[in-house]
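Before any comments, here is the structure.
The values are calculated or read from the model by the stated rules, or taken from the named source; none is laboratory data. The structure presented is a predicted model; accordingly, all values stated were derived computationally and were not measured. Ideal geometry is used to build each Cβ from the backbone, glycine not excepted, and the neighbour counts take in all protein chains shown. Note: accessible area is taken over every heavy atom of the protein model, side chains too, but ligands, DNA and RNA are not part of it. Shrake-Rupley method; radii C 1.70, N 1.55, O 1.52, S 1.80 Å.
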Amino acid sequence: MRSDVVLRRLDQDLLTDLLHAAVEDADPLEVMPPVEGPDGWTAERRAAFVRFHRTRTLAADPVEITYAIVVAGRVAGAARLFPMEPAGTAEAGVWIGRSHRGTGVGGAVLELLLAEARDEGFTSVYVSTEPQNAAVRALMARKGVTLVPDADALIAYVDLTAEAR
Ligand SMILES: CC(C)(COP(=O)(O)OP(=O)(O)OC[C@H]1O[C@@H](n2cnc3c(N)ncnc32)[C@H](O)[C@@H]1OP(=O)(O)O)[C@@H](O)C(=O)NCCC(=O)NCCS
């Protein structure tokens, strides 16, 4: 596993770096919910990206935990844990900038994010992806986790209690 990848809890300074990484190295639809308007990183989308993380993670009463993915000292993407039903489960969300994909960062992030989830007291992590997402399919296969069809998606619950044994 790559040793130059770390997760850092998002704060205001890291959010500024994260916006920069997103604008430079990712498509808006890969990193945030859709925003009306012309394609690309419009002023509205940049503002919506910052608002998204401020309201969900940096607020006094956050609804999820977000980590900046730092590769060799530079912010390269984000990983999120969103508490969901059943209790003890967190949905995982990850995006990595294009220039870093396919170089082992995702594999390192998966291990680090599962460890963070365990430390936060979660017992299970929910993963949902599109069937055409070969990287997520490969990551799950390497972990020995079976993705199953659910409507238009492929989903899995990674059992953290089994991992800890
Ligand atoms: C999905 C994502 C997080 C994976 O991260 P990554 O750094 O590219 O992944 P890695 O380099 O660690 O590769 C993981 C595995 O996927 C494989 N892989 C990576 N990119 C691939 C591609 N485009 N096609 C096929 N396999 C691919 C690698 O070979 C590796 O397989 P292995 O373990 O058998 O060697 C990243 O590609 C990404 O951010 N994509 C855009 C957003 C996204 O899809 N998020 C996930 C939503 S559920």
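What to note about this one:
- Taking Cα atoms only, the orientation of helix 43-56 departs from the longest principal axis of the chain by about 40 degrees.
- Helix 105-119 and the long axis of the chain differ in direction by around 70°, with both axes built from C-alpha atoms.
- For segment 26-39, putting each phi into the Karplus relation 6.51 cos²θ - 1.76 cosθ + 1.60 with θ = phi - 60° gives couplings of 8, 8, x, 5, 7, 10, 7, x, x, 10, 4, x, x, 4 Hz, in residue order, rounded to whole numbers and with x for Gly and Pro.
- Rounded tilt (10° steps) of 134-143 against the dominant C-alpha axis of the chain: 40
- Net charge over other residues, Cβ less than 15 angstrom from the Cβ of Ala108 (K, R count +1; D, E count -1): +3
- Take segment 87-165 with all the other protein chains still there, run a 1.4 Å probe, and you get 54 Å² of accessible area per residue.
- Temperature 20 °C, viscosity 1.002 mPa s: under these conditions the Stokes-Einstein estimate for segment 5-164, based on its Kirkwood radius over C-alpha pairs, is 132 µm² per second.
- Cβ-placed point charges (K, R +1; D, E -1), dipole of segment 11-126 about Cα centre in debye, nearest 20: 160
- Carbon + sulfur, % of accessible area of segment 5-164 - ligands and nucleic acids excluded, 1.4 Å: 51
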